[in-house]
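J.: Can you keep this structure in mind? I'll have questions shortly.
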(Lines give C-alpha, C1' and ligand atoms only; values in the text may rest on other atoms or scores of the structure.)
Protein backbone atom coordinates (compact mmCIF):
# COMPACT_ATOMS: atom_id res chain seq x y z
CA UNK A 1 0.00 0.00 0.00
CA UNK A 2 1.36 3.40 -0.99
CA UNK A 3 2.39 5.45 2.01
CA UNK A 4 1.61 9.14 2.19
CA UNK A 5 4.24 11.06 0.31
CA UNK A 6 6.59 12.88 2.72
CA UNK A 7 5.67 16.41 1.59
CA UNK A 8 1.92 15.95 1.15
CA UNK A 9 0.18 18.94 2.70
CA UNK A 10 3.03 21.32 1.80
CA UNK A 11 2.15 24.01 -0.74
CA UNK A 12 4.84 25.72 -2.79
CA UNK A 13 4.21 28.81 -4.89
CA UNK A 14 6.98 29.52 -7.38
CA UNK A 15 7.66 32.37 -9.78
CA UNK A 16 10.28 30.48 -11.71
CA UNK A 17 11.86 30.15 -15.10
CA UNK A 18 14.78 28.39 -16.78
CA UNK A 19 16.49 25.65 -14.73
CA UNK A 20 17.67 26.32 -11.17
CA UNK A 21 14.41 27.17 -9.37
CA UNK A 22 12.27 24.75 -11.41
CA UNK A 23 14.71 21.92 -10.59
CA UNK A 24 14.36 22.65 -6.87
CA UNK A 25 10.56 22.75 -6.95
CA UNK A 26 10.21 19.68 -9.16
CA UNK A 27 12.06 17.67 -6.54
CA UNK A 28 9.66 18.98 -3.90
CA UNK A 29 6.79 17.91 -6.17
CA UNK A 30 8.35 14.45 -6.54
CA UNK A 31 7.97 14.08 -2.77
CA UNK A 32 4.33 15.12 -2.77
CA UNK A 33 4.38 18.90 -2.34
CA UNK A 34 1.76 20.85 -4.24
CA UNK A 35 3.74 23.16 -6.53
CA UNK A 36 1.86 26.05 -8.11
CA UNK A 37 4.01 27.44 -10.90
CA UNK A 38 3.27 31.07 -11.79
CA UNK A 39 3.84 31.80 -15.48
CA UNK A 40 3.40 34.76 -17.79
CA UNK A 41 0.07 34.78 -19.65
CA UNK A 42 0.59 33.58 -23.19
CA UNK A 43 4.06 32.09 -23.59
CA UNK A 44 4.78 31.20 -19.95
CA UNK A 45 8.21 30.15 -18.72
CA UNK A 46 10.73 30.98 -21.46
CA UNK A 47 12.30 27.53 -20.97
CA UNK A 48 9.24 26.16 -22.77
CA UNK A 49 10.81 27.52 -25.97
CA UNK A 50 14.41 26.37 -25.54
CA UNK A 51 13.69 23.59 -28.06
CA UNK A 52 10.75 21.61 -29.43
CA UNK A 53 12.20 18.11 -29.44
CA UNK A 54 9.88 16.24 -27.04
CA UNK A 55 6.62 15.93 -28.93
CA UNK A 56 6.72 19.67 -29.52
CA UNK A 57 7.77 20.43 -25.94
CA UNK A 58 11.14 21.65 -24.68
CA UNK A 59 13.44 18.92 -23.36
CA UNK A 60 14.40 21.26 -20.50
CA UNK A 61 10.80 22.01 -19.59
CA UNK A 62 9.72 18.37 -19.65
CA UNK A 63 12.60 17.43 -17.36
CA UNK A 64 11.97 20.19 -14.83
CA UNK A 65 8.21 20.64 -14.55
CA UNK A 66 6.32 17.41 -14.09
CA UNK A 67 3.76 17.18 -11.27
CA UNK A 68 3.23 20.97 -11.12
CA UNK A 69 0.15 23.15 -11.56
CA UNK A 70 0.57 25.99 -14.07
CA UNK A 71 -1.23 29.25 -13.26
CA UNK A 72 -0.80 32.29 -15.51
CA UNK A 73 -0.73 35.72 -13.85
CA UNK A 74 0.33 39.15 -15.03
CA UNK A 75 2.17 40.40 -11.96
CA UNK A 76 2.37 43.92 -13.39
CA UNK A 77 -1.41 44.05 -13.00
CA UNK A 78 -2.63 44.81 -9.47
CA UNK A 79 -5.29 42.11 -9.79
CA UNK A 80 -2.61 39.56 -10.70
CA UNK A 81 -0.60 40.52 -7.62
CA UNK A 82 -3.72 40.24 -5.45
CA UNK A 83 -4.28 36.68 -6.69
CA UNK A 84 -0.64 35.84 -6.00
CA UNK A 85 -1.04 37.07 -2.43
CA UNK A 86 -4.17 34.94 -2.05
CA UNK A 87 -2.02 31.96 -2.94
CA UNK A 88 0.85 33.01 -0.68
CA UNK A 89 -1.51 33.35 2.28
CA UNK A 90 -2.10 29.60 2.09
CA UNK A 91 1.41 28.53 1.06
CA UNK A 92 4.30 27.09 3.05
CA UNK A 93 7.12 27.98 0.63
CA UNK A 94 7.66 30.71 -1.95
CA UNK A 95 10.43 30.28 -4.52
CA UNK A 96 11.55 32.88 -7.04
CA UNK A 97 14.44 33.41 -9.42
CA UNK A 98 13.34 36.72 -10.89
CA UNK A 99 15.81 39.20 -12.37
CA UNK A 100 17.94 41.15 -9.87
CA UNK A 101 15.78 43.52 -7.80
CA UNK A 102 12.47 42.45 -9.36
CA UNK A 103 11.16 40.62 -6.28
CA UNK A 104 11.74 43.64 -4.04
CA UNK A 105 10.05 45.95 -6.56
CA UNK A 106 6.99 43.67 -6.48
CA UNK A 107 6.96 43.57 -2.69
CA UNK A 108 8.07 39.93 -2.73
CA UNK A 109 11.42 40.21 -0.95
CA UNK A 110 11.98 37.92 2.03
CA UNK A 111 11.60 40.67 4.67
CA UNK A 112 8.28 41.86 3.27
CA UNK A 113 6.95 38.33 2.91
CA UNK A 114 7.91 37.08 6.36
CA UNK A 115 6.38 40.21 7.90
CA UNK A 116 3.11 39.59 6.07
CA UNK A 117 3.11 35.77 6.24
CA UNK A 118 5.02 34.67 9.35
CA UNK A 119 4.95 30.93 8.48
CA UNK A 120 5.94 31.33 4.83
CA UNK A 121 9.48 30.22 3.89
CA UNK A 122 10.81 32.45 1.09
CA UNK A 123 13.55 31.04 -1.13
CA UNK A 124 15.53 33.33 -3.43
CA UNK A 125 17.68 31.90 -6.24
CA UNK A 126 19.98 34.54 -7.71
CA UNK A 127 23.08 34.78 -9.86
CA UNK A 128 25.65 36.30 -7.53
CA UNK A 129 23.63 36.88 -4.34
CA UNK A 130 21.24 39.65 -3.36
CA UNK A 131 24.00 41.74 -1.78
CA UNK A 132 27.60 42.47 -2.68
CA UNK A 133 29.22 44.08 -5.70
CA UNK A 134 27.62 41.84 -8.31
CA UNK A 135 24.08 41.69 -6.93
CA UNK A 136 22.64 43.53 -9.94
CA UNK A 137 24.33 41.43 -12.62
CA UNK A 138 22.41 38.93 -14.70
CA UNK A 139 23.80 35.42 -14.60
CA UNK A 140 23.35 32.35 -16.77
CA UNK A 141 24.83 28.90 -16.42
CA UNK A 142 27.79 29.26 -18.77
CA UNK A 143 28.66 32.68 -17.38
CA UNK A 144 28.91 31.09 -13.93
CA UNK A 145 30.99 28.21 -15.29
CA UNK A 146 33.40 30.86 -16.58
CA UNK A 147 33.43 32.99 -13.43
CA UNK A 148 34.17 30.06 -11.09
CA UNK A 149 37.04 28.83 -13.24
CA UNK A 150 35.27 25.61 -14.23
CA UNK A 151 35.68 26.28 -17.95
CA UNK A 152 39.43 26.80 -17.44
CA UNK A 153 39.63 23.22 -16.11
CA UNK A 154 37.46 21.62 -18.79
CA UNK A 155 38.60 20.58 -22.25
CA UNK A 156 41.99 19.81 -23.72
CA UNK A 157 45.36 21.52 -23.45
CA UNK A 158 44.55 23.36 -26.68
CA UNK A 159 40.96 24.44 -26.00
CA UNK A 160 38.58 25.06 -23.10
CA UNK A 161 35.04 23.70 -23.08
CA UNK A 162 31.80 24.17 -21.21
CA UNK A 163 30.50 21.30 -19.14
CA UNK A 164 27.88 19.57 -21.29
CA UNK A 165 25.01 20.05 -18.84
CA UNK A 166 23.74 23.08 -16.92
CA UNK A 167 25.92 22.32 -13.93
CA UNK A 168 25.69 25.77 -12.27
CA UNK A 169 21.90 25.75 -12.49
CA UNK A 170 21.73 22.17 -11.25
CA UNK A 171 24.00 22.82 -8.28
CA UNK A 172 21.96 25.88 -7.29
CA UNK A 173 18.73 23.91 -7.67
CA UNK A 174 20.06 21.15 -5.45
CA UNK A 175 21.08 23.61 -2.70
CA UNK A 176 17.73 25.41 -2.94
CA UNK A 177 15.96 22.06 -2.59
CA UNK A 178 18.00 20.96 0.42
CA UNK A 179 17.77 24.45 1.94
CA UNK A 180 13.98 24.41 1.68
CA UNK A 181 13.80 20.94 3.23
CA UNK A 182 16.02 22.15 6.08
CA UNK A 183 13.87 25.24 6.60
CA UNK A 184 10.70 23.13 6.64
CA UNK A 185 12.27 20.85 9.26
CA UNK A 186 13.36 23.82 11.37
CA UNK A 187 9.88 25.37 11.19
CA UNK A 188 8.29 22.05 12.20
CA UNK A 189 10.63 21.46 15.15
CA UNK A 190 11.24 24.99 16.45
CA UNK A 191 8.60 27.18 14.88
CA UNK A 192 11.33 29.44 13.52
CA UNK A 193 11.17 30.44 9.85
CA UNK A 194 14.51 30.75 8.05
CA UNK A 195 14.38 32.39 4.60
CA UNK A 196 16.61 30.57 2.11
CA UNK A 197 18.96 32.20 -0.38
CA UNK A 198 21.10 30.40 -2.95
CA UNK A 199 23.21 31.92 -5.71
CA UNK A 200 24.41 30.07 -8.78
CA UNK A 201 27.90 31.45 -8.24
CA UNK A 202 28.23 30.29 -4.63
CA UNK A 203 26.67 26.91 -5.36
CA UNK A 204 29.17 26.13 -8.11
CA UNK A 205 31.97 27.75 -6.08
CA UNK A 206 31.43 25.04 -3.45
CA UNK A 207 31.81 22.37 -6.11
CA UNK A 208 35.07 24.00 -7.21
CA UNK A 209 36.64 23.66 -3.76
CA UNK A 210 39.00 20.77 -4.51
CA UNK A 211 40.76 22.39 -7.50
CA UNK A 212 40.73 25.67 -5.57
CA UNK A 213 42.57 24.06 -2.64
CA UNK A 214 44.99 22.44 -5.06
CA UNK A 215 45.69 25.75 -6.79
CA UNK A 216 46.04 27.80 -3.61
CA UNK A 217 48.49 25.39 -2.02
CA UNK A 218 50.46 24.24 -5.05
CA UNK A 219 50.74 27.57 -6.81
CA UNK A 220 49.38 26.22 -10.08
CA UNK A 221 45.97 25.02 -11.16
CA UNK A 222 45.31 21.47 -12.41
CA UNK A 223 45.93 21.20 -16.15
CA UNK A 224 43.28 20.58 -18.82
CA UNK A 225 43.88 17.10 -20.18
CA UNK A 226 40.59 15.94 -21.65
CA UNK A 227 39.32 12.75 -20.04
CA UNK A 228 42.54 12.23 -18.10
CA UNK A 229 42.48 12.96 -14.37
CA UNK A 230 44.60 15.99 -13.45
CA UNK A 231 46.11 14.50 -10.28
CA UNK A 232 45.80 10.69 -10.67
CA UNK A 233 47.44 8.45 -13.30
CA UNK A 234 46.54 6.30 -15.02
CA UNK A 235 42.96 7.55 -14.90
CA UNK A 236 41.36 8.38 -18.22
CA UNK A 237 40.07 7.18 -21.56
CA UNK A 238 42.10 5.28 -24.15
CA UNK A 239 41.07 4.13 -27.63
CA UNK A 240 40.73 0.41 -28.23
CA UNK A 241 41.49 -1.34 -31.52
CA UNK A 242 37.89 -1.04 -32.72
CA UNK A 243 37.85 2.71 -32.18
CA UNK A 244 35.72 2.78 -29.00
CA UNK A 245 37.12 4.60 -25.97
CA UNK A 246 37.40 2.85 -22.61
CA UNK A 247 38.08 4.72 -19.40
CA UNK A 248 39.70 3.10 -16.39
CA UNK A 249 41.03 4.23 -13.04
CA UNK A 250 43.93 3.13 -10.85
CA UNK A 251 43.36 4.22 -7.25
CA UNK A 252 46.14 2.50 -5.32
CA UNK A 253 49.37 0.49 -5.64
CA UNK A 254 47.61 -2.86 -5.48
CA UNK A 255 45.56 -1.96 -8.55
CA UNK A 256 48.65 -0.63 -10.29
CA UNK A 257 50.44 -3.93 -9.76
CA UNK A 258 47.40 -5.84 -11.02
CA UNK A 259 47.25 -3.66 -14.15
CA UNK A 260 50.94 -4.18 -14.90
CA UNK A 261 50.85 -7.96 -14.47
CA UNK A 262 47.32 -8.85 -15.55
CA UNK A 263 46.60 -6.40 -18.37
CA UNK A 264 49.74 -4.73 -19.62
CA UNK A 265 51.75 -7.97 -19.35
CA UNK A 266 54.66 -6.01 -17.92
CA UNK A 267 55.00 -6.72 -14.19
CA UNK A 268 58.45 -5.11 -14.18
CA UNK A 269 56.82 -1.67 -14.48
CA UNK A 270 56.00 -1.79 -10.78
CA UNK A 271 59.75 -1.45 -10.13
CA UNK A 272 60.24 1.34 -12.67
CA UNK A 273 61.12 4.50 -10.67
CA UNK A 274 59.11 6.63 -13.12
CA UNK A 275 55.94 4.86 -12.00
CA UNK A 276 56.72 3.99 -8.38
CA UNK A 277 54.01 6.18 -6.83
CA UNK A 278 50.86 7.93 -7.95
CA UNK A 279 52.69 11.26 -8.03
CA UNK A 280 55.50 9.73 -10.12
CA UNK A 281 52.97 8.39 -12.60
CA UNK A 282 51.40 11.85 -12.96
CA UNK A 283 54.81 13.42 -13.64
CA UNK A 284 55.61 10.76 -16.27
CA UNK A 285 52.07 10.58 -17.66
CA UNK A 286 53.16 10.79 -21.32
CA UNK A 287 55.46 7.77 -21.05
CA UNK A 288 52.82 5.84 -19.13
CA UNK A 289 50.12 6.71 -21.66
CA UNK A 290 52.30 5.43 -24.48
CA UNK A 291 52.59 2.03 -22.79
CA UNK A 292 48.84 1.85 -22.18
CA UNK A 293 47.93 3.02 -25.70
CA UNK A 294 50.15 0.33 -27.22
CA UNK A 295 48.31 -2.36 -25.23
CA UNK A 296 44.86 -0.94 -26.10
CA UNK A 297 45.74 -1.03 -29.80
CA UNK A 298 45.75 -4.84 -29.69
CA UNK A 299 42.23 -5.42 -28.28
CA UNK A 300 38.66 -4.43 -29.02
CA UNK A 301 36.82 -2.43 -26.36
CA UNK A 302 34.77 -5.41 -25.18
CA UNK A 303 37.92 -7.44 -24.61
CA UNK A 304 39.61 -4.57 -22.79
CA UNK A 305 36.62 -4.20 -20.48
CA UNK A 306 36.52 -7.94 -19.82
CA UNK A 307 40.24 -8.05 -18.99
CA UNK A 308 40.07 -5.05 -16.67
CA UNK A 309 37.01 -6.47 -14.90
CA UNK A 310 38.82 -9.75 -14.34
CA UNK A 311 41.71 -8.06 -12.51
CA UNK A 312 39.45 -5.80 -10.46
CA UNK A 313 40.20 -2.47 -12.13
CA UNK A 314 37.25 -0.07 -12.38
CA UNK A 315 36.42 0.68 -16.00
CA UNK A 316 33.67 1.84 -18.34
CA UNK A 317 33.04 2.32 -22.00
CA UNK A 318 32.69 5.98 -22.98
CA UNK A 319 29.01 5.83 -23.88
CA UNK A 320 27.01 7.89 -26.30
CA UNK A 321 23.67 9.20 -25.03
CA UNK A 322 21.92 6.48 -27.03
CA UNK A 323 23.96 3.88 -25.17
CA UNK A 324 23.12 5.59 -21.87
CA UNK A 325 19.39 5.46 -22.67
CA UNK A 326 19.72 1.70 -23.21
CA UNK A 327 21.90 1.13 -20.13
CA UNK A 328 21.28 -2.26 -18.49
CA UNK A 329 21.36 -0.76 -14.98
CA UNK A 330 18.44 1.56 -15.73
CA UNK A 331 16.45 -1.32 -17.20
CA UNK A 332 17.52 -3.87 -14.63
CA UNK A 333 16.62 -1.60 -11.71
CA UNK A 334 13.31 -0.53 -13.31
CA UNK A 335 14.14 3.19 -13.26
CA UNK A 336 11.96 4.36 -16.16
CA UNK A 337 8.38 5.60 -15.71
CA UNK A 338 5.81 7.04 -18.11
CA UNK A 339 5.03 10.74 -17.70
CA UNK A 340 2.36 12.60 -19.65
CA UNK A 341 3.25 15.73 -21.61
CA UNK A 342 0.72 17.76 -23.59
CA UNK A 343 -0.46 15.44 -26.35
CA UNK A 344 1.87 12.53 -25.63
CA UNK A 345 3.65 10.33 -23.09
CA UNK A 346 7.40 10.17 -22.48
CA UNK A 347 9.69 8.12 -20.29
CA UNK A 348 11.34 9.80 -17.32
CA UNK A 349 13.80 8.55 -14.72
CA UNK A 350 12.70 8.03 -11.15
CA UNK A 351 14.28 10.45 -8.67
CA UNK A 352 17.63 9.00 -7.52
CA UNK A 353 16.86 9.03 -3.78
CA UNK A 354 14.73 5.96 -3.01
CA UNK A 355 12.68 6.12 0.19
CA UNK A 356 11.55 2.67 1.29
CA UNK A 357 7.81 2.26 0.87
CA UNK A 358 7.41 5.58 -0.96
CA UNK A 359 6.73 5.87 -4.68
CA UNK A 360 7.71 9.21 -6.14
CA UNK A 361 4.99 11.23 -7.80
CA UNK A 362 5.39 11.31 -11.58
CA UNK A 363 2.39 13.39 -12.69
CA UNK A 364 1.98 15.20 -16.02
CA UNK A 365 3.94 18.18 -17.33
CA UNK A 366 1.40 21.04 -17.54
CA UNK A 367 0.55 23.18 -20.51
CA UNK A 368 0.72 26.95 -20.04
CA UNK A 369 -1.98 28.05 -17.61
CA UNK A 370 -3.59 24.61 -17.53
CA UNK A 371 -4.64 24.94 -13.89
CA UNK A 372 -5.44 28.66 -13.76
CA UNK A 373 -9.21 28.28 -13.80
CA UNK A 374 -9.29 25.48 -11.22
CA UNK A 375 -6.90 27.21 -8.82
CA UNK A 376 -8.63 30.59 -9.03
CA UNK A 377 -12.07 29.00 -8.68
CA UNK A 378 -10.87 27.35 -5.47
CA UNK A 379 -9.83 30.83 -4.29
CA UNK A 380 -13.42 32.02 -4.78
CA UNK A 381 -13.30 33.61 -8.22
CA UNK A 382 -16.54 33.36 -10.19
CA UNK A 383 -16.80 32.41 -13.87
CA UNK A 384 -17.58 36.04 -14.64
CA UNK A 385 -14.48 37.20 -12.75
CA UNK A 386 -12.32 34.67 -14.60
CA UNK A 387 -13.72 35.76 -17.95
CA UNK A 388 -12.95 39.41 -17.19
CA UNK A 389 -9.41 38.62 -16.02
CA UNK A 390 -8.79 36.55 -19.12
CA UNK A 391 -10.18 39.22 -21.43
CA UNK A 392 -7.81 41.77 -19.90
CA UNK A 393 -4.79 39.46 -20.20
CA UNK A 394 -4.33 39.28 -16.42
CA UNK A 395 -4.47 35.46 -16.49
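The values are calculated or read from the model by the stated rules, or taken from the named source; none is laboratory data. Here the structure is a predicted model, which means the values were calculated and not measured. Cβ atoms come from the backbone with ideal geometry, glycine included; neighbour counts cover every protein chain shown.
J.: Looking only at segment 105-146, count every residue that is at negative phi and out of contact with any strand residue (DSSP E or B) (no Cβ under 7 Å at 6 or more places or on another chain) and tell me the total.
T.: 25
J.: Could you tell me whether segment 73-96 includes any residue that is touching a residue at least 12 places away in the same chain (Cβ under 8 Å), in the same structural domain as residue 201 (by TED's automatic domain parsing), in contact with a strand residue (DSSP E or B) (Cβ under 7 Å, 6 or more places away or on another chain) and under 30 Å from residue 212 (Cβ atoms)?
T.: Scanning segment 73-96, I find at least one residue that is touching a residue at least 12 places away in the same chain (Cβ under 8 Å), in the same structural domain as residue 201 (by TED's automatic domain parsing), in contact with a strand residue (DSSP E or B) (Cβ under 7 Å, 6 or more places away or on another chain) and under 30 Å from residue 212 (Cβ atoms), so the answer is yes.
J.: Further question: Residue 75 passes all but one of (1) assigned to a helix (DSSP H, G or I); (2) over 28 Å from residue 337 (Cβ atoms); which number fails?
T.: (1)
J.: Here are 169, 92: which of them is in contact with a helix residue (DSSP H, G or I) (Cβ under 6 Å, 6 or more places away or on another chain), at pLDDT 95 or above and surrounded by 16 or more Cβ atoms within 10 Å (Cβ to Cβ)?
T.: 169
J.: Further question on the same structure: I'm trying to understand the selection: among the residues of segment 265-282, which are touching a helix residue (DSSP H, G or I) at 6+ places or on another chain (Cβ under 6 Å) and not in a helix (DSSP H, G or I)?
T.: Residue satisfying the conditions is 266 alone.
J.: What residue, of 146, 123, is without any contact (Cβ under 8 Å) to a residue 12 or more places away in the chain and either part of a strand (DSSP E or B) or over 27 Å from residue 184 (Cβ atoms) (or both)?
T.: Exactly one of 146, 123 is without any contact (Cβ under 8 Å) to a residue 12 or more places away in the chain and either part of a strand (DSSP E or B) or over 27 Å from residue 184 (Cβ atoms) (or both), namely 146.
J.: Quickly run through segment 18-44 and pick out the residues that are in contact (Cβ under 8 Å) with a residue 60 or more places away in the chain, in contact with a strand residue (DSSP E or B) (Cβ under 8 Å, 6 or more places away or on another chain) and closer than 16 Å to residue 169 by Cβ.
T.: Of everything in segment 18-44, those that are in contact (Cβ under 8 Å) with a residue 60 or more places away in the chain, in contact with a strand residue (DSSP E or B) (Cβ under 8 Å, 6 or more places away or on another chain) and closer than 16 Å to residue 169 by Cβ turn out to be 20, 21, 22, 24, 25.
J.: Checking the conditions here, which among 104, 136 is at pLDDT below 95 and in a helix (DSSP H, G or I)?
T.: 104 is the lone residue from the list that is at pLDDT below 95 and in a helix (DSSP H, G or I).
J.: Can I ask one more? Please find, among 297, 340, the residue that is in the same structural domain as residue 71 (by TED's automatic domain parsing) and free of Cβ contacts under 8 Å to residues at least 60 places away in the same chain.
T.: It is 340.
J.: In addition: Conditions first: (1) without any contact (Cβ under 8 Å) to a residue 12 or more places away in the chain; (2) closer than 21 Å to residue 311 by Cβ. Residue 209 passes all but one, so which condition is the exception?
T.: (2)
J.: Can you name every residue in segment 283-319 that is more than 20 Å from residue 229 (Cα to Cα) and part of a loop (DSSP other than H, G, I, E, B)?
T.: 297, 298, 299, 300, 311
J.: Could I ask something else about it? Only one residue in 241, 257, 233 is farther than 30 Å from residue 132 by Cβ, in contact with a helix residue (DSSP H, G or I) (Cβ under 6 Å, 6 or more places away or on another chain) and surrounded by fewer than 16 Cβ atoms within 10 Å (Cβ to Cβ), so which one is that?
T.: Result of the check over 241, 257, 233: 257.
J.: So which residues in segment 7-59 are buried (at least 22 other Cβ atoms within 10 Å of the Cβ) and more than 28 Å from residue 76 (Cα to Cα), if there are any at all?
T.: 7, 27, 30
J.: Is at least one residue of segment 295-307 surrounded by 12 or more Cβ atoms within 10 Å (Cβ to Cβ) and within 30 Å of residue 351 (Cβ to Cβ)?
T.: yes
J.: Based on this model, can you work out whether residue 379 counts as under 30 Å from residue 30 (Cβ atoms), surrounded by 16 or more Cβ atoms within 10 Å (Cβ to Cβ) and either out of contact with any strand residue (DSSP E or B) (no Cβ under 7 Å at 6 or more places or on another chain) or at pLDDT 95 or above (or both)?
T.: no
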